[in-house]
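Enquirer: Here you go, one structure.
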Amino acid sequence: MKESILIIDFGSQVTKLIARRIRELGVFSQIIPFSDIKKKTFKEGFIKGIIFSGGPKSVDEPNSPKISKYIYELDIPILGICYGLQLITQQFGGTIIPSQDREFGKTNIALKKKSPLLENVFLKKKNQVWMSHSDKVFKVPNNFEQIASTENCEFAVIQNLKKKIFGVQFHPEVVHTIGGEKIINNFIKNICGCSRKWNMKYFKNQIIEEIKKKVGQDKVICGLSGGVDSTVTAVLINSVIGKKLICVFVDTGLMREGESAQIETLFKKHFQIKLEIIKASKIFYKKLQGVSNPEKKRKIIGNQFIKIFEKFASQQRNVKFLAQGTLYPDVIESLSKIGKTSVTIKSHHNVGGLPKKMKLKLLEPLKELFKDEVRMLGKELNIPESFTERHPFPGPGLAIRLLGCVDKKNIKILRKADAIFINLIKEEGLYDKIWQAFCVLLPVKTVGVMGDNRTYEKICVLRAVTSVDGMTAEAFKFEDDFLKRCSNEIINRVPGINRVCYDFTSKPPGTVEFE
Ligand code: XMP
């Protein structure tokens, strides 16, 4: 039976983590911004529980996010986290006050009364939880009772058992809350009665049925980028409609070493999927000639890509759908009306999301999954790990790693250096510990000496970062000897480079890519 937990987002930085924890526990969960909640959201009847997320506002502030009170009459259990707890308190007639001693980070909590939410949790006198708030409950509403408290927060957990409404001031979804996962499990299993059967196999079967129903006898076109998302999308759709799927790979000439060949082998030989390879490097290099501005480079590549893709699509008959590897974080980000920045740092270019003008209907089978879930689905579909575990690669490819103007000769130099760096990382067993690693070629020359000769060549920068989602990143800490080895190998084997540097910049203030 289809069942899910609905997470109503009030703007917390960690809302996505709630969805992650619930899915890890075997229940499907969805995040919807508070402003998009409608009565019809609950109509289909498979929402077994509701979680109110935290949020940056104070409930007493004008224009702070609210929710219609009919939600409390649906007879669906509710768990409010931080702002969620405060909103419940306010809407049931309790009071919230600013806390004099604000609590951010780890703090200790003590149980005051038994609760099904806290079964087998907080068994010690002092138990660690993670707080992030500046308001607290001052007066509990009628019919609610205190369950646990911290030194600065008397009502850190409250409940109305009859209505199955619970509130916690701390964040159970954050790993620093010891027993946080148990609390979420108690809520979804014991209180909401979820059967916890959701897993990747279940999802795969469910999504296959949905694709069958949606596509029927029509044809689907899918742009491949060589990345995990478009690969999994294509293999999944192929498993449902076979030859009615047309995959297109535009070879821009800006790919990593061996990329085009690998895609061809995987699709044509391994999966016997129909694949059109459009060799277009000439036109990309021509359009990029003399252009050094990063945004211009990105736009030229994006536009050229659409043109080629559109032309191809217009030549196909009976194509009704365009398949894209859109992921859940992309969906949430475009839905969320909270905390959106209006500054464009970079115009991200993807295969997906571009050809809006083509009048094709969208097919986005991964739009409910997180990146690592897509990798799990890839495994379910027997896609080799060499593909599913690959580091992310940006749409504009090597063009944004060759700083300044793009030309074939320097792309070749960069591609070779990059392959050496990545292979050394793999040999050292570090590839899976790093979120993304690559080389960048700087448009300046430095003096060196090789043998008895003076050299005057380019600088290669090594970049390797750890990250959860690419939003923030830290430079990976290599051993000195490993970096020296990379430097030697690259300089010895790649004519055109005579100096190698390592980039220690985190994001922020840097970005992962240089352009
Ligand atoms: P930045 O450089 O913005 O990169 O810190 C964050 C992550 O996004 C990737 N990236 C892109 N991915 N199309 C993509 O599909 C793009 O245009 C693009 N630009 C950057 C980048 O590689 C990193 O993983």
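Enquirer: In this structure, does residue 479 turn out to be crowded, with 16+ Cβ neighbours inside 10 Å and modelled with pLDDT of 95 or more?
Expert: No; evaluated as a whole, the condition is false for this residue.
Enquirer: Kindly indicate the residue of segment 460-515 that is among the basic types (Lys, Arg) and under 28 Å from residue 370 (Cα atoms) and also farthest from the chain's Cα centre (by Cα) among those meeting that condition.
Expert: 477
Enquirer: Is it fair to say residue 351 is touching a helix residue (DSSP H, G or I) at 6+ places or on another chain (Cβ under 8 Å), open to solvent by less than 50 Å² (accessible area, probe 1.4 Å), modelled with pLDDT under 90 and not in a helix (DSSP H, G or I)?
Expert: yes
Enquirer: Give the residue that is nearest to residue 421 (Cα to Cα), with candidates limited to residues of segment 480-496 that are of a type in the set (D, E, K, R) and free of Cβ contacts under 8 Å to residues at least 12 places away in the same chain.
Expert: It comes out as 484.
Enquirer: May I pose another question? Which one is nearest to the ligand (Cβ to nearest atom), of the residues in segment 367-384 that are open to solvent by 50 Å² or more (accessible area, probe 1.4 Å) and part of a loop (DSSP other than H, G, I, E, B)?
Expert: 367
Here is a yes/no grid of residues against (1) in a loop (DSSP other than H, G, I, E, B); (2) crowded, with 18+ Cβ neighbours inside 10 Å; (3) touching a helix residue (DSSP H, G or I) at 6+ places or on another chain (Cβ under 8 Å):
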position	(1), (2), (3)
60	yes, no, yes
65	yes, yes, yes
89	no, yes, no
120	yes, no, yes
131	no, yes, no
137	no, yes, yes
175	yes, no, no
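Enquirer: A follow-up question, please. List the strands (runs of 3 or more DSSP E) inside segment 200-295, counting only whole elements, that have at least 2 residues being within 16 Å of the ligand (Cβ to nearest atom) and buried (at least 20 other Cβ atoms within 10 Å of the Cβ).
Expert: Passing ranges, in order: 219-224, 245-251.
Enquirer: Looking at the structure I just gave you, is residue 308 modelled with pLDDT under 95 and assigned to a loop (DSSP other than H, G, I, E, B)?
Expert: Against the criterion (modelled with pLDDT under 95 and assigned to a loop (DSSP other than H, G, I, E, B)), residue 308 does not qualify.
Enquirer: Please go through segment 405-456 and pick out each residue that is within 25 Å of residue 288 (Cα to Cα), acidic (Asp, Glu) and either open to solvent by 60 Å² or more (accessible area, probe 1.4 Å) or assigned to a helix (DSSP H, G or I) (or both).
Expert: Across segment 405-456, the qualifying residue is only 418.
Enquirer: Hey, another quick one. Among the numbered criteria (1) away from the ligand (no atom under 14 Å from the Cβ); (2) surrounded by 15 or more Cβ atoms within 10 Å (Cβ to Cβ); (3) modelled with pLDDT of 90 or more; (4) more than 24 Å from the chain's Cα centre (by Cα), which single criterion is violated by residue 364?
Expert: Checking residue 364 against (1) away from the ligand (no atom under 14 Å from the Cβ); (2) surrounded by 15 or more Cβ atoms within 10 Å (Cβ to Cβ); (3) modelled with pLDDT of 90 or more; (4) more than 24 Å from the chain's Cα centre (by Cα), the one that fails is (4).
Enquirer: Just to verify a result, which residue in segment 385-396, among those that are open to solvent by less than 40 Å² (accessible area, probe 1.4 Å) and more than 9 Å from the ligand (Cβ to nearest atom), is nearest to residue 270 (Cα to Cα)?
Expert: Checking each candidate, the answer is 387.
Enquirer: With the requirement that a residue be open to solvent by 10 Å² or more (accessible area, probe 1.4 Å) and part of a helix (DSSP H, G or I), what does segment 180-199 give you?
Expert: The answer is 181, 182, 185, 186, 189, 190, 191.
Enquirer: Could you tell me which of the residues 260, 281 is at pLDDT 95 or above and at negative phi?
Expert: So the residue among 260, 281 that is at pLDDT 95 or above and at negative phi is 281.
Enquirer: Restricted to segment 489-514, and to residues that are among the hydroxyl-bearing types (Ser, Thr, Tyr) and either in a loop (DSSP other than H, G, I, E, B) or within 16 Å of the ligand (Cβ to nearest atom) (or both), which residue is most open to solvent (accessible area, probe 1.4 Å)?
Expert: 505
The values are calculated or read from the model by the stated rules, or taken from the named source; none is laboratory data. Bear in mind the structure is a predicted one, so any value in this text is a computation, not a measurement. Note that each Cβ is placed from the backbone with ideal geometry, even for glycine, and that neighbours are counted across all protein chains shown. Ligands, DNA and RNA are excluded from the accessible area calculation, which covers all protein heavy atoms including side chains. Shrake-Rupley method; radii C 1.70, N 1.55, O 1.52, S 1.80 Å.
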